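What follows is a single structure, written as structure tokens, with notes after it.
The values are calculated or read from the model by the stated rules, or taken from the named source; none is laboratory data. It should be emphasised that the depicted structure is a prediction, and the values quoted were computed from it without experimental measurement. Counting neighbours? That spans all protein chains shown, and the Cβs are built from the backbone with ideal geometry, glycine included. Ligands, DNA and RNA are excluded from the accessible area calculation, which covers all protein heavy atoms including side chains. Shrake-Rupley method; radii C 1.70, N 1.55, O 1.52, S 1.80 Å.
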Protein chains: 2
Amino acid sequence: MSKNFLPFDETLKALENSIKTEIGIENIFIGDALGRFLAIDIVAQENNPTHETSSMDGYAIRFSDQQLGSLTISDFIPAGTETHGVVNKGECVKTFTGTLMSEGSDTLIPIENVEVKEGKIHITSAVSKGFAVRPIGENYKAGEVLIKKGTKIGFAEIGVMAEVSMVQVEVFMKPRVAILSTGNEILDFGEPKTSFAQIRSSNHVTVEAILRQLGCETMRFKLIRDDRDLIEQQLRQALMWSDIVITTGGGSVGDFDYLQSILTDMKIENIIDGSYMKPGRHIRVVKTGHKYIYALPGFPYSASVCTFLFIAPLLRKLRAQTFALPTIKAFMGELYKKRSKFVEFTACNLRFDEGQLVVDLQGKKEGSSAILNNLLDNPVLLRVEKDVQKIEKGEMVDVVLLDL
Amino acid sequence: MSKNFLPFDETLKALENSIKTEIGIENIFIGDALGRFLAIDIVAQENNPTHETSSMDGYAIRFSDQQLGSLTISDFIPAGTETHGVVNKGECVKTFTGTLMSEGSDTLIPIENVEVKEGKIHITSAVSKGFAVRPIGENYKAGEVLIKKGTKIGFAEIGVMAEVSMVQVEVFMKPRVAILSTGNEILDFGEPKTSFAQIRSSNHVTVEAILRQLGCETMRFKLIRDDRDLIEQQLRQALMWSDIVITTGGGSVGDFDYLQSILTDMKIENIIDGSYMKPGRHIRVVKTGHKYIYALPGFPYSASVCTFLFIAPLLRKLRAQTFALPTIKAFMGELYKKRSKFVEFTACNLRFDEGQLVVDLQGKKEGSSAILNNLLDNPVLLRVEKDVQKIEKGEMVDVVLLDL
């Protein structure tokens with residue numbers, strides 16, 4: 001079984017090039033749209049506001065009348081009333097937050113700035129011209145792109161869509177992802193432990209949780225013992241019903257690792273077949289039709305890191321977002337040493353320290369890539385290039401944000 | 001109707017002091033726990049790993065035998081097998097990732113480092129003592145607190161809980177929040193526009209979306225016109241079925257603002273009755289039993305900001321997290337001027353710029369607090385103190401993160 005190891009960035013590039021299409025589009029009510037990804041630009045159809053409105057409770061006046069000191073209240077216009085009032089010289093119209101400004105008026109004098117006596121207001125504190133008047137198009141103008149395609153829909157996106165009278169919205173479908181875990185030594189939830197050599201499986205639910213956080217619909221399969229036929233059967237079933245199939249474990253080249261040979265026998269397009277990186281260099285990605293199969297490492301830490309490095313970019317591109325890893329610069333907060341000669345990604349803490357971005361490994365345990373708990377507490381991934389063996393405190397480093 | 005305005009920090013302190021208890025605890029399967037908040041500490045019951053295991057595929061050897069150059073393969077132990085092998089002097093045991101290390105062995109020599117011929121391995125590349133052996137307790141030791149109460153459960157928390165054999169977990173109940181919006185000028189989804197003075201309601205769905213993002217169960221009521229009896233009836237109904245009731249609009253002191261008088265007539269404990277801050281100074285918070293009623297401003301921008309400033313801290317404390325606003329230091333990226341004499345919170349962008357945290361207002365529109373679109377693109381809130389009228393580019397400022 002020959003692998004075809006390539007440098008990390010080349011393997012990512014190969015993945016990017018293999019993605020030929022965005023995922024499908026469905027139409028949903030905006031109340032269900034939180035966390036989904038926009039499949040269209042949201043464009044303002046009209047100015048907002050469409051008319052001048054008051055932003056406070058008070059009296060619509062002509063600014064030039066303010067010097068008169070007192071003005072006759074000629075009308076009373078609650079918010080939502082269609083009719084404009086009319087403000088003639090020497091008059092004012094009682095106006096509420098959201099009320100259309102009366103014809104002839106250009107300024108609102110708030111209730112706190114006047115005394116009302118015998119049908120007149122007496123101005124106790126003057127305001128500037130145009131005060132508390134929301135101009136036409138203050139929010140946005142007709143034709144303006146308010147929200148771009150690919151945006152993850154949060155609270156403000158929902159609010160703005162409601163404001164422009166949308167009831168439904170086109171979003172990208174949720175990618176359907178099947179998760180298969182293999183291994184003889186792992187026990188699923190509820191399975192009684194019969195030997196101290198057995199460990200509880202966690203990579204299947206960990207990877208599933210990442211994919212849910214990344215907005216996928218997930219299907220988790222029953223754990224498969226190292227049985228070639230069963231693995232192949234489950235893999236083919238998973239492939240029928242999902243857009244992406246992820247296997248964990250059984251992906252390296254040991255005697256019990258059937259997965260590699262199954263993938264090879266399927267004679268489907270190899271996208272990645274080994275990557276000079278750590279953790280997870282044995283990663284394999286194949287493609288059949290529009291569907292991807294990922295063979296991820298068995299250790300939950302490695303499987304999780306590979307999910308962020310190799311699967312999250314695919315998901316982003318499927319949903320019209322930037323493929324590239326979201327990478328920022330930060331200062332190293334401590335001396336860091338690396339042993340491998342690969343590009344290496346290490347879970348660490350990103351701290352906001354007096355205006356600076358600082359990375360450290362406090363609370364992270366050094367050791368094998370089996371240590372899932374190093375991914376607790378919202379970590380980021382320190383990226384260290386292959387030839388770098390040591391980073392001094394204070395050096396600037398690259399940090400990959402975990403795009404959740 | 002007398003208000004009792006207090007400085008912003010004092011109003012927050014009053015809110016904090018009013019919270020006497022955490023919210024209730026329920027027990028759920030860990031597969032449903034994503035995004036929920038832990039109600040207990042997660043403590044390791046045993047060492048992990050419990051025994052020395054191999055972290056690679058290879059041969060368990062005595063390190064002192066490595067100098068012999070070739071060793072007899074005496075056994076073959078797949079992962080998950082309970083029996084230890086035994087490594088006598090001059091021997092080795094074939095071992096897989098996850099296999100228990102054989103008795104007598106202390107080092108694993110990977111398959112890549114040997115040639116196998118006639119039942120023997122010939123070492124082509126030596127390793128250091130203890131290589132690829134995961135020591136007992138490498139992940140964690142028995143008794144160690146792995147995850148603290150109050151933690152929001154993400155992918156790694158789920159993985160670690162699975163690892164320690166948990167199937168269910170105690171989490172804080174989702175606070176139930178009812179949202180009532182009032183106003184004559186606003187139209188709900190699907191209501192036909194009959195007048196150009198009408199605007200689409202967005203604050204109800206915006207606030208609802210924030211609360212869902214903050215892990216609440218929400219109930220949205222039909223929009224209420226400015227009708228005192230209806231508002232009171234809906235408010236009492238909402239209070240029966242929820243932990244927190246939020247009203248938007250009808251909270252200031254204009255003629256049509258019935259809400260304040262209803263709250264006053266209910267004779268329940270005032271927690272906040274006006275706060276010297278912007279936007280949303282007319283905010284009112286009352287408490288009855290363990291339940292809170294929030295009267296938020298009608299503008300969706302203001303209502304949203306107030307939700308983060310006044311409701312998110314309550315939710316945090318109810319779920320054993322830090323009440324205080326999550327505030328960091330950043331550098332101002334442009335000249336900033338403020339007009340009001342209140343503590344003011346302004347939506348702005350937080351940028352990661354070559355290791356520095358920089359705040360600017362690019363793409364944000366200046367104007368009234370009606371501009372909801374200023375909350376697009378994952379903003380943060382610039383906090384400007386009451387006496388500050390101007391911030392120079394490069395000055396250090398306080399920034400409140402929107403805790404999602």
If A:Ile311 satisfies every condition in (1) of a type in the set (Val, Ile, Thr); (2) away from chain B (no Cβ under 14 Å); (3) closer than 17 Å to A:Ser18 by Cβ but one, which is the exception? (2)
Selection within region A:156-176 - open to solvent by 10 Å² or more (accessible area, probe 1.4 Å), at the interface with another protein chain (Cβ under 9 Å from one of its Cβ atoms) and under 18 Å from the mean Cα position of the chain (by Cα): A:Glu157
Single match in A:Tyr301, A:Tyr294 (criterion: of a type in the set (Ser, Thr, Tyr) and under 26 Å from A:Lys393 (Cβ atoms)): A:Tyr301
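Suppose the filter is away from every other protein chain (no Cβ under 14 Å) and open to solvent by 20 Å² or more (accessible area, probe 1.4 Å); does B:Ile136 pass it? Reasoning before the result, please.
Details: away from every other protein chain (no Cβ under 14 Å): no; open to solvent by 20 Å² or more (accessible area, probe 1.4 Å): yes.
The answer is no for B:Ile136.
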Within 13 Å of another protein chain (Cβ to nearest Cβ), open to solvent by 60 Å² or more (accessible area, probe 1.4 Å) and assigned to a helix (DSSP H, G or I): is that true of B:Arg236 in this structure? no
Against the conditions (1) open to solvent by 60 Å² or more (accessible area, probe 1.4 Å); (2) modelled with pLDDT of 95 or more; (3) in contact with a Gly (Cβ under 9 Å, 6 or more places away or on another chain); (4) closer than 23 Å to B:Glu52 by Cα, where does B:Ile109 fall short? Just the number, please. (1)
Can you run down the residue pairs with Cβ atoms below 9 Å, 6 or more apart or on separate chains, where the first is in region A:47-66 and facing another protein chain (nearest Cβ under 10 Å) and the partner is basic (Lys, Arg) and open to solvent by 50 Å² or more (accessible area, probe 1.4 Å)? A:Asn48/A:Lys141
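Restricting attention to strands (runs of 3 or more DSSP E) lying wholly within region B:117-182, give those where 1 or more residues are at pLDDT below 95, touching a Cys at 6+ places or on another chain (Cβ under 6 Å) and assigned by TED's automatic domain parsing to the domain that holds B:Leu223. Outline the logic, then answer.
On the way: elements: B:120-123, B:145-147, B:168-172, B:176-181.
Once the strands (runs of 3 or more DSSP E) in region B:117-182 are filtered for at least 1 residues that are at pLDDT below 95, touching a Cys at 6+ places or on another chain (Cβ under 6 Å) and assigned by TED's automatic domain parsing to the domain that holds B:Leu223, nothing remains.
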Only strands (runs of 3 or more DSSP E) wholly contained in region B:254-357 count here; list those with 3 or more residues that are of a type in the set (A, V, I, L, M, F, W, C). B:291-296, B:327-332, B:343-353
If you go through B:Ile186, B:Ile179, B:Ile121, the only one that is surrounded by 15 or more Cβ atoms within 10 Å (Cβ to Cβ) and in contact with a helix residue (DSSP H, G or I) (Cβ under 6 Å, 6 or more places away or on another chain) is B:Ile179
Set A:Glu103, A:Glu118: member being touching a strand residue (DSSP E or B) at 6+ places or on another chain (Cβ under 7 Å) and more than 11 Å from every other protein chain (Cβ to nearest Cβ): A:Glu103
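For A:Ile73, state whether it is open to solvent by 20 Å² or more (accessible area, probe 1.4 Å), farther than 30 Å from A:Thr264 by Cα, among the aliphatic types (A, V, I, L, M) and under 41 Å from the mean Cα position of the chain (by Cα). Break it down stepwise before answering.
Values: open to solvent by 20 Å² or more (accessible area, probe 1.4 Å): yes; farther than 30 Å from A:Thr264 by Cα: yes; among the aliphatic types (A, V, I, L, M): yes; under 41 Å from the mean Cα position of the chain (by Cα): no.
The answer is no for A:Ile73.
Among A:Ser70, A:Ser55, which is the only one that is at pLDDT below 95 and within 25 Å of B:Phe196 (Cα to Cα)? Give the derivation first.
Numbers: A:Ser70 fails: within 25 Å of B:Phe196 (Cα to Cα).
Result: A:Ser55 is the single residue among A:Ser70, A:Ser55 that is at pLDDT below 95 and within 25 Å of B:Phe196 (Cα to Cα).
Go through A:Lys141, A:Lys89 for me and flag whichever is in contact with a helix residue (DSSP H, G or I) (Cβ under 7 Å, 6 or more places away or on another chain) and open to solvent by 30 Å² or more (accessible area, probe 1.4 Å). Full working, then the answer.
Details: A:Lys141 fails: in contact with a helix residue (DSSP H, G or I) (Cβ under 7 Å, 6 or more places away or on another chain).
Unique residue meeting the criteria: A:Lys89.
Residue-wise test of (1) among the hydroxyl-bearing types (Ser, Thr, Tyr); (2) touching a Lys or Arg at 6+ places or on another chain (Cβ under 9 Å).
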{"position": "A:Gly249", "(1), (2)": "no, no"}
{"position": "A:Ile262", "(1), (2)": "no, yes"}
{"position": "A:Tyr294", "(1), (2)": "yes, yes"}
{"position": "A:Ser302", "(1), (2)": "yes, yes"}
{"position": "A:Pro313", "(1), (2)": "no, no"}
For region B:3-105, list the strands (runs of 3 or more DSSP E) that sit wholly inside it and hold at least 1 residues that are touching a Leu at 6+ places or on another chain (Cβ under 8 Å); which are they? B:58-61, B:70-77, B:91-95
Residue satisfying condition, being open to solvent by less than 30 Å² (accessible area, probe 1.4 Å), at pLDDT 90 or above and in contact with an Asp or Glu (Cβ under 7 Å, 6 or more places away or on another chain), within set B:Lys287, B:Lys291, B:Lys278: B:Lys287
Across (1) touching a residue at least 12 places away in the same chain (Cβ under 8 Å); (2) more than 42 Å from the chain's Cα centre (by Cα); (3) more than 8 Å from chain B (Cβ to nearest Cβ), A:Lys152 clears everything bar (2)
Of the residues in region B:335-375 that are on the phi > 0 side of the Ramachandran plot and modelled with pLDDT of 95 or more, the one that is least open to solvent (accessible area, probe 1.4 Å) is B:Gly355
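Can you tell me which residue is most open to solvent (accessible area, probe 1.4 Å) among those in region B:300-324 that are of a type in the set (A, V, I, L, M) and under 15 Å from B:Ala14 (Cβ atoms)? Show your work before the answer.
Start the filter on region B:300-324 by keeping residues that are of a type in the set (A, V, I, L, M), which leaves B:303, B:305, B:309, B:311-312, B:314-315, B:318, B:320, B:324.
Those still in the list that are under 15 Å from B:Ala14 (Cβ atoms) too: B:309, B:311, B:314, B:324.
Working: B:Leu309: 0, B:Ile311: 0, B:Leu314: 0, B:Ala324: 58 Å².
Ranking the candidates gives B:Ala324 first.
Specify which of the listed residues (B:Val358, B:Val343) is closer than 27 Å to B:Phe5 by Cβ and out of contact with any Ser or Thr (no Cβ under 7 Å at 6 or more places or on another chain).
Numbers: B:Val358 fails: closer than 27 Å to B:Phe5 by Cβ.
So the residue among B:Val358, B:Val343 that is closer than 27 Å to B:Phe5 by Cβ and out of contact with any Ser or Thr (no Cβ under 7 Å at 6 or more places or on another chain) is B:Val343.
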Between a residue in region B:10-24 that is closer than 11 Å to B:Leu314 by Cβ and any residue that is open to solvent by 80 Å² or more (accessible area, probe 1.4 Å), which pairs come within a Cβ distance under 7 Å, given they are 6 or more apart or on different chains? B:Ile23/B:Met173
For region A:205-241, give me the residue count where each residue is of a type outside the set (D, E, K, R) and more than 22 Å from the chain's Cα centre (by Cα). 13
If you check B:Thr206, B:Thr194, B:Thr218, which single one turns out to be within 11 Å of chain A (Cβ to nearest Cβ) and assigned to a strand (DSSP E or B)? B:Thr218
